[in-house]
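Can you keep this structure in mind? I'll have questions shortly.
Where a number appears in this text, it was derived from the coordinates with a stated rule and is not lab data. No experiment lies behind these values; they were computed from the predicted model shown. A quick note on method: Cβ atoms are made from the backbone with ideal geometry, for glycine too, and the neighbour counts reach across all protein chains shown.
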Amino acid sequence: MTLDTLIAEARSRLLARARREGLADVGYAVVESPLGPLWIAVGPRGVAMISYGGAPNAADLGRLVRTYGPGIVPDARRTAAVARELDQYFSGRRRSFDVAFDLSGLTPFQQGVLRATARVRYGDLATYRTVAQRAGNADAARAAGAAVGANPIPIVVPCHRVVASDGSLGGYAGGLDAKRRLLAIERGDDVPTGGWLRSGDP
Amino acid sequence: MVRTFGELLERYERELFAYALRLSADRDEADDLYQDTFLAAFRAWPPPRSGNERAWLYRIATNKAIDRSRRTRPRVKLEDIELAAPERDSATTLDVARAVELLPPGQRAAFVLRQVQGLPYAEIAETLGCSEVAARARVSEATKVVRRRIA
């Protein structure tokens, strides 16, 4: 038995106690994906954050701490369900996500824009203007663009389906290549083989 | 800056677990000490001074180890053991405590009675129900074991 094994077992018992005391409301893990490592956090109301690059986005992490306190802990069991759905999505076997997502701590406008974004169907595209309209503020295309650009839960809230009115791709947190790749998956012409997803505590 | 319990764990749990192993009789005790230390830190969050999380965790772990040692072995007072500790910079109170803890009960009693309580050999013999020669031999043997363990 190695020191790492002892620590891993001690940690899992520690986190079970912390959860029972309400000291660990959010669990996170890093999962591998065809778009590189994703840092995923799941809170009491669902998936709260997905970060490209395998580390949390500082601003979004700050929002999570303000919303849920410091009890944000490594916990791959909490992220297992969304990791499985992402695996299915990337391999073309899932067209919508069943896991709940959590936009707590965002402004009502941001939440409205992201809920409208979440209603854009698999394989469809919407413009920033359309999303602003659906969020109830047709004149706020630019602000809607900012809200979509700051989406803390990419892929599950499919901001990659939102593009500029002139048909150009606009921007994407994971990079434009990632956006193209996701849209290609949804067109069915770039489906990675399944079974690639590995999940574990960082 | 540490903002979440996850960051606290990822940065410090490894060295704190190693420290807990040194303070404990076995893995299970070390496991308990690690858990109690971090749980106490979570409950008391934030640390008194931001950026000082490491020293804060060590202090919590040390206090818990001493509390445990007092609770489970009330006959051995830590401050007394400190007085009995050989003059060695590298041996801490807890090293001595641990060495004492590992002694078989008879040897432990002999060591504590002489090196901690400072009893004369006649009284130690009486307490242990043996001859004064035997008492000297037991104390001498126990002290050798402790010195060897903390060397």
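Using only Cα atoms, tell me the angle between helix A:108-118 and the longest principal axis of chain A; keep it within 0 to 90° and round to the nearest 10.
80 degrees
Over the range A:108-187, what relative contact order in percent results from Cα pairs under 8 Å that are six or more residues apart?
32 percent
Sticking with this structure for a sec: Compute the acute angle (0 to 90°) between the alpha-carbon long axis of helix A:3-20 and the principal axis of greatest extent of the alpha-carbon atoms of chain A; round to the nearest 10°.
Roughly 70 degrees, rounded to the nearest 10.
Can you tell me the order of B:9-21, A:58-70 when each peptide is scored by its average per-residue count of other Cβ atoms within 10 angstrom, highest first?
Ranking the peptides B:9-21, A:58-70 by packing returns B:9-21, A:58-70.
Taking N as the number of residues in the range A:108-187, what value does Rg over Cα atoms divided by 2.2 N^0.38 Å take?
So the range A:108-187 has a normalised radius of gyration of 0.96.
Under Stokes-Einstein, with the Kirkwood radius over Cα pairs standing in for Rh, what whole-number D in µm²/s applies to the range A:3-100 at 20 °C and 1.002 mPa s?
Answer, rounded: 151 µm²/s.
Separate question: For the charge dipole of the protein assembly as shown, defined by +1 on Lys and Arg C-beta atoms and -1 on Asp and Glu C-beta atoms about the Cα centroid, which residue among B:Leu21, A:Gly36, A:Gly167 has the Cα displaced farthest towards the positive pole?
Highest projection toward the positive end goes to A:Gly167.
Can you give the mean number of other chain Cβ atoms that lie within 10 Å of the Cβ atoms in peptide B:43-51?
Counting Cβ atoms of other protein chains within 10 Å of each residue's Cβ and averaging gives 1.
Sticking with this structure for a sec: When a footprinting reagent is the concern and you count Cβ atoms within 10 Å, what order do B:Met1, A:Met49 take, fewest first?
The order, fewest Cβ neighbours first, is B:Met1, A:Met49.
What does the structure give for B:32-39 when I average, per residue, the other chain Cβ atoms found within 10 Å of the residue Cβ?
4
Follow-up question, since we're still on this one. Quick one: plug the Kirkwood hydrodynamic radius of chain A (C-alpha pairs) into Stokes-Einstein at 20 °C, 1.002 mPa s, and report D in µm²/s.
So the translational diffusion coefficient is about 122 µm²/s.
Another question, then. Points 7 angstrom from Cα along the Cβ direction at A:Ala58 and A:Asp4: gap in nanometres?
Distance between label points: 3.0 nm.
Restrict the search to the range A:1-47; then list the trypsin sites (Lys or Arg not before Pro) that DSSP places in a loop and that have at most 14 other Cβ atoms within 10 Å of their Cβ.
Here the trypsin sites (Lys or Arg not before Pro) that fit, given the DSSP loop and packing criteria, are A:Arg45.
Would you mind telling me the antiparallel percentage of the DSSP bridges in the protein assembly as shown, rounded to 5?
In the protein assembly as shown, approximately 70 percent of DSSP beta bridges are antiparallel ones.
When the helices in chain A are scored as -39500 (n - 2.57) per DSSP H run of 4 or longer and the sum is shared across all residues, what 222 nm value do you end up with, to the nearest 500 deg cm²/dmol?
Taken over chain A, the calculation gives -12500 deg cm²/dmol.
Hey, what D do you get for the range A:1-42 in µm²/s if you plug the Kirkwood alpha-carbon radius into Stokes-Einstein at 4 °C and 1.567 mPa s?
107 µm²/s
Expressed as an acute angle from 0 to 90° and rounded to the nearest 10, what is the orientation of the C-alpha long axis of helix A:58-68 relative to the principal long axis of chain A?
Compared with the principal axis, the helix lies near 70 degrees.
Under a Cβ-only charge scheme (Lys and Arg +1, Asp and Glu -1), can you give me the dipole magnitude of the range B:1-55 about the Cα centre, in debye to the nearest 20?
Roughly 380 debye, rounded to the nearest 20.
Rg/Rh for the range B:5-72 to two decimals, with Rh computed the Kirkwood way over all alpha-carbon pairs.
0.95
A follow-up question, please. Once you average over the residues of A:65-73, how many Cβ atoms of partner chains fall within 10 Å of each Cβ?
4
Also: Considering the Cα trace of the protein assembly as shown, what is its radius of gyration and what is Dmax, both in angstroms?
29.3, 102
Given H placed on each backbone N at 1.01 Å, which residues far from A:Val163 in sequence or on other chains put an amide H within less than 5 Å of it?
A:Ala126, A:Thr127, A:Tyr128
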